[in-house]
1. Tilt of helix 82-91 relative to the longest C-alpha principal axis of the chain, in degrees (0 to 90, nearest 10)?
2. Nearest 10 degrees, 0 to 90: what angle lies between the long axis of helix 313-332 and the longest principal axis of the chain (Cα atoms)?
3. So what is the calculated 222 nm ellipticity per residue for the chain, using -39500 (n - 2.57) for each DSSP H run with n of 4 or more, over all residues, to the nearest 500 deg cm²/dmol?
4. What three numbers, in Å, describe the spread of the alpha carbons of the chain along their principal axes, ordered from the longest?
5. Using only Cα atoms, locate the centre of the range 146-199 and the centre of the range 323-345, then give the distance between them in Å, rounded to an integer.
6. Tell me the GluC sites (Glu not before Pro) within the range 210-315 that lie in a loop according to DSSP and have at most 13 other beta-carbon atoms within 10 Å.
7. Considering only the other residues whose Cβ falls under 13 Å of the Cβ of Ala14, what net charge follows from Lys and Arg at +1 and Asp and Glu at -1?
8. Using the Cα centre as the reference, give the magnitude of the dipole from point charges on the C-beta atoms of the chain (Lys, Arg: +1; Asp, Glu: -1; all else neutral), rounded to the nearest 20 debye.
Amino acid sequence: ERVGFAIIGLGRIALEQALPAFAECRMARPVALVSGSPEKAGLVARQYGIRPEAVLGYAQFERLRDMPEVQAVYIALPNAMHREFTERAAVIGKHVLTEKPMATSSEDCAAMIAACARAKVRLMVAYRCQYEQVNRAAIQAAQSGALGRLRFFHATNLQSNGPGPQWRYSRRLAGGGALPDIGLYCLNAARYLSNEEPVEVIAQSFTPAGDERYREVEESMSFTLRFPSGLLAQAQSSYGAYQEKSYRLSGERGSLLLQDAFSYQGQQLHLFRREGARGIEQHPQIHPRNQFALEIDHMARCVRESRRPHTPGEEGLRDQQIMEAIYRSAESGRPEPIPAWPAELPVR
Ligand code: NAD
């Protein structure tokens, strides 16, 4: 029997990626919808074979308590709403898969972790790239020692955004601009590739004058993280530059390039090494699978087997703490320390 999910919020990511991905899942199925638009939700329910009685408004969320077929919720709402719906899900005993960024403050992230721990439900942040196979091959290469000691990481997550207004340009609903929305992928990748926690950051933000969209949030954020091993991780994220979503990791003995690292599909990995006097380039071919399906199936497996997710709430809290240090540095113009992560608390 597949683990039943309620989809909370029917915006772009839910309709265009997550719901279609369930068709490729092996352990999960959508069984309920929670939406502010009954008309849209009714259409979607028919499309995915969801019972009309399992289509609810936000105020009726707690009715999910009486639907045993719903074991988990997938929260695809604006960032600032993730906390409220995580806490409401925990109270009614449902496991939580929440979209990234986990929330808009580290206080909110900590409250979400506490609520799920109290209720003994699983909490996972939807860091899809950590379930995507080519990123996983890059992690494997970085951590196998094949590249030698890691020196530099360079990641870009750039896109040219269309006109507003939408919640992404609201500080209250989004928590920030390019950094929490797309720069987060660069930050998370620096951590998952190195398996280290950064200790210091220096950052600069840029916002074009006179652009109505960027009255509250930054258009661009550039930052450099320093890791205890000496690794320096540089990242550029922007809503105002031509699309590029790649990273490069350079070690003493080799390097890797992952094109389209953060895209929904099309990842291309290149590995460069020296063997004797010869430079070797490898381009591993990995059969593509839908990363949203892999992510949702992972959550389903954790629910079924009572396991801690690979990207639990702590992973989201950690990134949020680092983003807060990035904003402090962009504001002060100086390097800022990143609060230490307690060694006894596993991040992932
Ligand atoms: P969206 O604007 O397309 O959808 C948001 C949904 O929330 C809409 O259906 C909207 O009606 C609903 N909503 C409820 N209350 C709202 C309010 N007060 N203001 C605005 N909308 C409200 O956004 P999206 O792109 O689907 O993003 C949703 C979440 O998913 C965000 O947390 C975002 O960061 C995340 N996301 C993740 C990925 C990924 O690749 N994992 C990609 C895109 C978005």
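Readers should treat all values here as calculations from the given coordinates under stated rules, not as data from a laboratory. Predicted model, so just to flag it, every value in this text is computed and none were measured. Here the Cβ positions follow ideal geometry from the backbone for every residue, glycine too, while neighbour counts run over all protein chains shown.
1. Here the helix axis deviates by roughly 50 degrees.
2. 60 degrees
3. Rounded to the nearest 500, it is -8500 deg cm²/dmol.
4. 66, 46, 40
5. For the range 146-199 versus the range 323-345, the Cα centre distance is 15 Å.
6. Those satisfying the criteria are Glu252.
7. 0
8. Dipole about the Cα centre, nearest 20: 760 debye.
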